[in-house]
Amino acid sequence: MLKIGDFSKLSRVSIRMLRYYDEIGLLKPAETDRFTDYRYYSEAQLPTVCRITALRDMGFGLADVRAILPIYDDRERLDAFLAARQAELERQRDDVAQRLRLLDTARKRLRKEETMNYDVTIKTLPERYAATVRMTIPRYQDEGMVWQVLCEETDSMHLIPTDPCYCSVTFLDGEYKEKDVTVEAQKTVKGQYPDTEHVRFRTLPPLTYAGCTFKGGYEQINDVTAALTAWIEANGYEYAGPMFDIYHVSPHETSDPSEFVTEVCYPVRKK
């Protein structure tokens, strides 16, 4: 048997943490002297404490570790826990990357002392025939899911795009939503095509809108939207439908966000 100090050295876990693991029932000593309360550990417990450390290093909380330890030797069930944790960390990574991009953009503007000016114009989309997909997606950042469905279900049709081709997404909810966002993707095409499971081909009516086009990453969209809504209010217009974005140059054409060209749009009418 090993005294707690010796077990601490071998396991590279502090005595304080070993006592805490004991208190919460995660790793009980093999024996405890009932007269002195000294804790004694078995060499056979070293693999268990190593598993605890490995799981903690992966970011699992102690409650998760307690749930995982009994099934650690069940590869299939253990893999399910690991896969879920990996997916969670990947989501966190994406969120952190987005925050870093926003910070970088803000700092660049401060260094350059830039004042961003966004020009708003009134335009009319003509009547157009389009492949459309309406879906509820987890978050706004998951918009690519809609385009993936549209592309996969029409790939064999060899769609002929119009010139110019309008690729847009309309945000159909009446409010900002943190999850379960309903959107409709539209791509204008020539010819006639049959509907698929999720893709509907429709003739869309003409649409008058106030639009603001900008070049660069999507982190600018909030600023552009603010400028656009202020312009609509100041120039005697009112909203006549849900907001939509037209992607003139998108991630489909380039992987460089500085080359994206996006038009933020609101259907409008005169008050």
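Can you find even one residue in the stretch 90-97 that is open to solvent by less than 70 Å² (accessible area, probe 1.4 Å), under 30 Å from residue 257 (Cα atoms) and either touching a strand residue (DSSP E or B) at 6+ places or on another chain (Cβ under 7 Å) or without any contact (Cβ under 8 Å) to a residue 40 or more places away in the chain (or both)? Taking every residue of the stretch 90-97 in turn, at least one turns out to be open to solvent by less than 70 Å² (accessible area, probe 1.4 Å), under 30 Å from residue 257 (Cα atoms) and either touching a strand residue (DSSP E or B) at 6+ places or on another chain (Cβ under 7 Å) or without any contact (Cβ under 8 Å) to a residue 40 or more places away in the chain (or both).
When only residues in the stretch 251-261 that are in contact with a helix residue (DSSP H, G or I) (Cβ under 9 Å, 6 or more places away or on another chain) and surrounded by fewer than 18 Cβ atoms within 10 Å (Cβ to Cβ) count, which is farthest from residue 150 (Cα to Cα)?
Within the stretch 251-261, the subset in contact with a helix residue (DSSP H, G or I) (Cβ under 9 Å, 6 or more places away or on another chain) is 251-253, 257, 260.
After this cut, where a residue has to be surrounded by fewer than 18 Cβ atoms within 10 Å (Cβ to Cβ) as well, the list is 251-253, 257.
Details: 251: 15, 252: 13, 253: 16, 257: 22 Å.
Top of the filtered list is 257.
When the stretch 229-246 is filtered for residues that are open to solvent by less than 30 Å² (accessible area, probe 1.4 Å) and either hydrophobic (A, V, I, L, M, F, W, C) or within 18 Å of residue 165 (Cα to Cα) (or both), the ones remaining, listed by number, are 232, 244, 245, 246. Among the candidates 241, 211, the residue that is in a loop (DSSP other than H, G, I, E, B), out of contact with any Leu (no Cβ under 6 Å at 6 or more places or on another chain) and touching a residue at least 12 places away in the same chain (Cβ under 8 Å) is uniquely 241. In the stretch 138-194, which residues are of a type in the set (A, V, I, L, M), open to solvent by less than 40 Å² (accessible area, probe 1.4 Å) and closer than 17 Å to residue 245 by Cβ? 146, 150, 169, 181, 183, 185 - these are the residues of the stretch 138-194 that are of a type in the set (A, V, I, L, M), open to solvent by less than 40 Å² (accessible area, probe 1.4 Å) and closer than 17 Å to residue 245 by Cβ. Inspect all residues belonging to the stretch 117-126 and state whether any of them is at negative phi, surrounded by fewer than 16 Cβ atoms within 10 Å (Cβ to Cβ) and out of contact with any strand residue (DSSP E or B) (no Cβ under 8 Å at 6 or more places or on another chain). Looking for residues that are at negative phi, surrounded by fewer than 16 Cβ atoms within 10 Å (Cβ to Cβ) and out of contact with any strand residue (DSSP E or B) (no Cβ under 8 Å at 6 or more places or on another chain), one finds at least one in the stretch 117-126, hence yes. Scanning the stretch 83-105 for residues being touching a helix residue (DSSP H, G or I) at 6+ places or on another chain (Cβ under 9 Å) and modelled with pLDDT of 90 or more gives a total of 1. Any chance the stretch 195-207 includes a residue that's touching a Leu at 6+ places or on another chain (Cβ under 8 Å), touching a residue at least 12 places away in the same chain (Cβ under 8 Å), crowded, with 17+ Cβ neighbours inside 10 Å and not in a helix (DSSP H, G or I)? Yes, the conditions are met somewhere in the stretch 195-207.
The values are calculated or read from the model by the stated rules, or taken from the named source; none is laboratory data. Being a predicted model, the structure only gives us computed values, none of them experimental. In this analysis, Cβ positions are derived from the backbone assuming ideal geometry, glycine residues included, and neighbour counts consider all displayed protein chains. These area figures cover heavy atoms from the full protein model, side chains too; ligands, DNA and RNA do not enter into them. Shrake-Rupley method; radii C 1.70, N 1.55, O 1.52, S 1.80 Å.
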